Amino acid sequence: MIIRKATVKDVPDIKGIIDTYAKQEMMLQRSLSELYEFTRSFYVCEEGGEIIGCCALQISWEDMAEVLSFAVKAEYRDKGIGTKLVNACLEEAKELGVNNVFTLTYAVPFFEKQGFEIIDKQMLPHKVWTGCIKCPKFPNCDEVAMMKVI
């Protein structure tokens, strides 16, 4: 199993993983064009030539980045893959000089284990909410905002 930066060839597999969770209303749907546009933000976990997980780091502001589109295929959960994907994003944030990493999630226990803490959504800059307009739950978001200072 390897964690690596995504390539354009990975985008259909990334979309498939995200779509599974989006249909369950557990994460935001992403279009193919959006995924191709942000391919460089993504990490994937590959095992035996199969993409089994994904996660992206997107810079939001001067000293703030978001972990988003975090998903691991159900049959591969609880094997440390999610931790490795999030750690890859956190390492990249450090390299970029970003000290505050947040996420909007339903996976609160997982992110707490990674050192994230629940915060008030109002602490996040307005720019963060541009993706929320695409969400079917907008403006009644029930995701939890979490932050990690690195």
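Out of all the residues in segment 93-128, which are part of a strand (DSSP E or B) and loosely packed, with under 15 Cβ neighbours inside 10 Å? Outline the logic, then answer.
At the first step, the residues of segment 93-128 found to be part of a strand (DSSP E or B) are 100-105, 117-118.
Passing the criteria: GLU117, ILE118.
Scan segment 37-77 for residues that are among the basic types (Lys, Arg) and touching a Lys or Arg at 6+ places or on another chain (Cβ under 9 Å) and jot them down. Can you show your working first?
Of segment 37-77, the ones among the basic types (Lys, Arg) are 40, 73, 77.
Passing the criteria: only ARG40.
Out of all the residues in segment 1-13, is one or more farther than 26 Å from LYS121 by Cβ and at pLDDT below 95? Write out each step before concluding.
Taking segment 1-13 and keeping what is farther than 26 Å from LYS121 by Cβ, we get 1-13.
Cutting the leftovers down to at pLDDT below 95 gives us 1.
So far as segment 1-13 goes, yes, one or more of its residues are farther than 26 Å from LYS121 by Cβ and at pLDDT below 95.
Take the residues in segment 56-86 that are part of a helix (DSSP H, G or I) and either touching a residue at least 40 places away in the same chain (Cβ under 8 Å) or under 15 Å from ALA145 (Cβ atoms) (or both), then tell me which one is nearest to the chain's Cα centre (by Cα).
Result: LEU85.
When you scan segment 91-114, do you find a residue that is within 17 Å of ALA6 (Cα to Cα), out of contact with any strand residue (DSSP E or B) (no Cβ under 6 Å at 6 or more places or on another chain) and at pLDDT 95 or above, even just one?
Scanning segment 91-114, I find at least one residue that is within 17 Å of ALA6 (Cα to Cα), out of contact with any strand residue (DSSP E or B) (no Cβ under 6 Å at 6 or more places or on another chain) and at pLDDT 95 or above, so the answer is yes.
What residue, among those in segment 14-50 that are assigned to a strand (DSSP E or B) and surrounded by fewer than 21 Cβ atoms within 10 Å (Cβ to Cβ), is nearest to the chain's Cα centre (by Cα)?
Let us first name the residues in segment 14-50 that are assigned to a strand (DSSP E or B), namely 42-47, 50.
Narrowing the set further to residues that are surrounded by fewer than 21 Cβ atoms within 10 Å (Cβ to Cβ) leaves 46-47, 50.
Numbers: GLU46: 16, GLU47: 19, GLU50: 19 Å.
Only one residue tops the list, namely GLU46.
Can you tell me which residue is surrounded by the most Cβ atoms within 10 Å (Cβ to Cβ) among those in segment 1-12 that are touching a strand residue (DSSP E or B) at 6+ places or on another chain (Cβ under 7 Å) and under 19 Å from VAL67 (Cβ atoms)? First the steps, then the outcome.
Going residue by residue through segment 1-12, those that are touching a strand residue (DSSP E or B) at 6+ places or on another chain (Cβ under 7 Å) are 1-6, 10.
Within this subset, residues satisfying the condition of being under 19 Å from VAL67 (Cβ atoms) are 3-6, 10.
Numbers: ILE3: 16, ARG4: 12, LYS5: 13, ALA6: 22, ASP10: 19.
The extreme case among them is ALA6.
Only one of these conditions is not met by TYR76: (1) in contact with an Asp or Glu (Cβ under 8 Å, 6 or more places away or on another chain); (2) of a type in the set (Phe, Trp, Tyr); (3) crowded, with 19+ Cβ neighbours inside 10 Å. Which number is it?
Status for TYR76: all satisfied but (3).
The values are calculated or read from the model by the stated rules, or taken from the named source; none is laboratory data. Given the structure is predicted, the values throughout are model-derived calculations rather than measurements. Don't worry about glycine lacking a Cβ; one is built from the backbone with ideal geometry, like all the others, and counts go over all protein chains shown.
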